[in-house]
Amino acid sequence: MAARTRVKSVEDSIRDTEEPEHRLSKSLSALDLAVFGVGVIIGTGIFVLTGVVAKEQAGPAVAISFVIAGVVCGLAALCYAEFASTVPVAGSAYTFSYATFGEFVAWLIGWDLVLELVLGAATVSVGWSGYCNSLLGDLGVPLPASIAGETATVNIPAVVIALVVTGVLVLGIKLSSRVTAVIVVIKLAVVLLVIILGLFFVRAENYTPFIPPSEPGTSGGTGWTAPLIQLIAGFSPSTFGVSGIFAGAAIVFFAFLGFDIVATAAEETKNAKRDLPRGIIGSLAICTVLYVAVSLVVVGMQHYTQLSTDAPLAEAFRSVGLTFTSGLISVGALAGLTSVVMIMILGQSRVLFAMSRDHLLPPPFGEVHRRYRTPHRITIATGVAVAVLAGFVPLGTLAELVNIGTLFAFLLVSIGVIILRRTRPDLPRAFRVPGVPVLPALSAAACVWLMLNLPAETWVRFGLWIVVGLILYFLYGRRHSRLATGTPGTLGARRGPA
């Protein structure tokens with residue numbers, strides 16, 4: 001069967017989850033999934049991007065930018081929720097793509113998710129190291145620059161956090177959810193404290209003008225560093241005004257990334273068809289409300305023209321004499337980044353587990369631990385890869401690949417909802433996206449627009465990454481996949497429109 005026509009049926013995907021050597025522990029509830037979602041979405045974005053976008057793009061209207069970004073993410077979240085309730089199988093966008101576009105596209109999206117999850121976890125681990133060292137500095141025991149921070153020769157704290165959370169993940173999904181819950185409680189407590197304390201120092205005059213008048217922008221970049229849409233259309237970027245609000249939305253959009261990882265825990269959820277949509281949409285709604293509240297408080301405490309772009313929350317509180325909150329914000333950021341690293345490694349291990357079970361990767365990687373019922377081998381391999389990248393490789397602007405990788409996954413899932421509605425209208429869907437095909441089409445269009453607003457050099461790197469993935473697929477996956485060899489468990493695969 002040609003690779004492009006190998007579509008793995010939903011029934012076969014679900015049947016594979018019952019194989020003894022691949023059966024995961026079903027112990028997560030909707031609340032656990034929402035905690036995972038909040039744990040991965042709220043990271044440094046809430047502590048940094050608010051100041052950046054308010055000062056350089058939207059002014060006090062940054063709150064509207066967050067609402068727009070939340071709506072765009074909500075469209076994608078609806079598509080993920082329908083797929084997750086229809087195909088409650090580990091792998092998220094990879095599994096969804098296998099059921100709609102076929103094996104070739106499924107491999108590409110699985111390879112693409114490595115950009116979002118492994119590289120993302122490594123980048124966040126480096127950020128965790130920086131905040132950790134900053135907090136240690138406040139306590140009078142900073143680590144040498146050679147072993148901590150982005151310029152370190154070997155970033156020891158980044159390596160340690162990656163390996164520690166990997167150990168927790170290996171020991172069981174329920175333990176992981178409990179640890180994440182504790183971290184999320186700390187993180188939310190800090191965020192709520194920031195909001196409540198800040199309200200007492202909000203000044204109405206700081207909201208004027210709420211939408212600053214538009215002016216020519218200078219931050220669009222030139223050459224390969226310019227947004228691709230700027231090179232294609234030849235327009236000059238502008239800041240503030242209505243266009244500034246939308247430009248700001250494209251930036252703060254990336255503060256929402258991560259809700260899709262909830263779908264990777266589908267096989268470990270007690271009632272996946274009911275709880276996955278609740279977990280995905282619930283976590284996104286909670287984070288949107290918090291983001292809007294924080295942004296309104298920050299621009300109300302300090303005029304947007306005076307905001308810091310490095311640590312806007314801490315500087316805003318210092319400006320009103322509340323210097324002690326700087327340490328609290330560092331604790332909140334540290335807790336936030338810990339949960340982000342953990343859940344990204346969790347998501348990546350589940351995607352690779354699904355690919356291994358389909359024999360697109362060597363099958364031994366997909367075996368489940370007899371006691372802990374976790375894919376321990378692939379989890380350890382993922383954690384070690386993250387630790388090596390975070391500890392030894394200067395990541396720099398490669399972090400932008402996380403954004404384009406995620407948006408590409410969102411794009412395929414949005415289109416996939418329309419395709420699966422037409423090719424398999426008979427499938428039971430516990431959750432259905434309203435307004436198909438309009439809403440999924442809007443989601444896909446929004447993803448394309450945001451991708452076009454990324455630098456051209458990011459597209460080049462993304463293309464090179466895809467080429468490497470194609471080489472690996474044709475060298476191994478294409479010949480060894482279960483659909484290619486007819487391995488029991490997927491013999492019922494059907495031909496599809498991919």
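The values are calculated or read from the model by the stated rules, or taken from the named source; none is laboratory data. What you are looking at is a predicted structure, and each value in this text was computed from that prediction instead of being measured. Positions of Cβ are backbone-derived with ideal geometry, glycine not excepted, and every protein chain shown enters the neighbour counts.
Hey, can you tell me all the residues within the stretch 429-454 that are free of Cβ contacts under 8 Å to residues at least 24 places away in the same chain, buried (at least 16 other Cβ atoms within 10 Å of the Cβ) and closer than 20 Å to N403 by Cα?
Result: no residue meets the conditions.
Would you please list the contacts, defined by Cβ atoms under 9 Å and residues six or more apart or on different chains, that run from a residue in the stretch 124-151 that is under 25 Å from I41 (Cα atoms) and without any contact (Cβ under 8 Å) to a residue 60 or more places away in the chain to a residue that is of a type in the set (S, T, N, Q) and in a loop (DSSP other than H, G, I, E, B)?
Hits for this filter: A148/N155; G149/N155.
Within the stretch 165-181, is there a residue that is over 24 Å from T379 (Cβ atoms) and within 29 Å of the chain's Cα centre (by Cα)?
No - not one qualifying residue is present in the stretch 165-181.
Go through the stretch 295-311 and give me each residue that's outside any loop (DSSP other than H, G, I, E, B) and under 10 Å from V62 (Cβ atoms).
Result: S295, L296, V298, V299, Y304.
Check L231 against each of (1) farther than 21 Å from I196 by Cα; (2) modelled with pLDDT of 85 or more; (3) not in a loop (DSSP other than H, G, I, E, B) and name the one condition it does not meet.
The one condition L231 does not meet is (2).
Could you list all residues from the stretch 404-436 that are part of a loop (DSSP other than H, G, I, E, B) and closer than 24 Å to A250 by Cβ?
V433, G435
List pairs: first in the stretch 348-362 and without any contact (Cβ under 8 Å) to a residue 24 or more places away in the chain, second part of a loop (DSSP other than H, G, I, E, B), Cβ under 8 Å, 6+ apart or cross-chain?
Filtered contacts from the stretch 348-362: S356/P362; S356/P375.
Assuming V202 fulfils every condition listed in (1) of a type in the set (A, V, I, L, M); (2) assigned to a loop (DSSP other than H, G, I, E, B); (3) modelled with pLDDT under 90 apart from one, which condition is it?
In the conditions (1) of a type in the set (A, V, I, L, M); (2) assigned to a loop (DSSP other than H, G, I, E, B); (3) modelled with pLDDT under 90, V202 misses (3) alone.
Residues that are surrounded by fewer than 20 Cβ atoms within 10 Å (Cβ to Cβ) and under 30 Å from L78 (Cβ atoms): does the stretch 262-271 have at least one?
yes
For the stretch 282-321, how many residues meet the condition of being aliphatic (A, V, I, L, M), at pLDDT below 90 and either within 24 Å of G130 (Cβ to Cβ) or within 23 Å of the chain's Cα centre (by Cα) (or both)?
Residues that pass the stated criteria total 5.
Would you point out the residue of the stretch 455-481, among those that are crowded, with 20+ Cβ neighbours inside 10 Å and modelled with pLDDT under 90, that is nearest to A354 (Cα to Cα)?
T458
Could you name every one of the helices (runs of 4 or more DSSP H) located completely within the stretch 40-153 that has at least 1 residues being modelled with pLDDT of 90 or more, within 18 Å of the chain's Cα centre (by Cα) and among the acidic types (D, E)?
Here the list reads 103-114.
Are there any pairs, at least 6 apart or on different chains, whose C-beta atoms fall under 6 Å, with the first in the stretch 99-116 and surrounded by fewer than 24 Cβ atoms within 10 Å (Cβ to Cβ) and of a type in the set (V, I, T) and the second at pLDDT 90 or above and in a helix (DSSP H, G or I), and if so, which?
V105/S97
Just checking, does the stretch 166-173 include any residue being closer than 23 Å to Q348 by Cβ, assigned to a loop (DSSP other than H, G, I, E, B) and among the small types (G, A, S)?
There is at least one residue in the stretch 166-173 that is closer than 23 Å to Q348 by Cβ, assigned to a loop (DSSP other than H, G, I, E, B) and among the small types (G, A, S).
If we keep just the residues of the stretch 1-20 that are outside any helix (DSSP H, G or I) and of a type in the set (S, T, N, Q), which is modelled with the highest pLDDT?
S9
Under 30 Å from T166 (Cβ atoms) and either in contact with a His (Cβ under 8 Å, 6 or more places away or on another chain) or at pLDDT below 90 (or both): is that true of E400 in this structure?
yes
Residue check: is A333 within 19 Å of D260 (Cβ to Cβ), buried (at least 21 other Cβ atoms within 10 Å of the Cβ), of a type in the set (A, V, I, L, M) and more than 14 Å from the chain's Cα centre (by Cα)?
no
Only one of these conditions is not met by R424: (1) in contact (Cβ under 8 Å) with a residue 12 or more places away in the chain; (2) closer than 29 Å to V118 by Cα. Which number is it?
(2)
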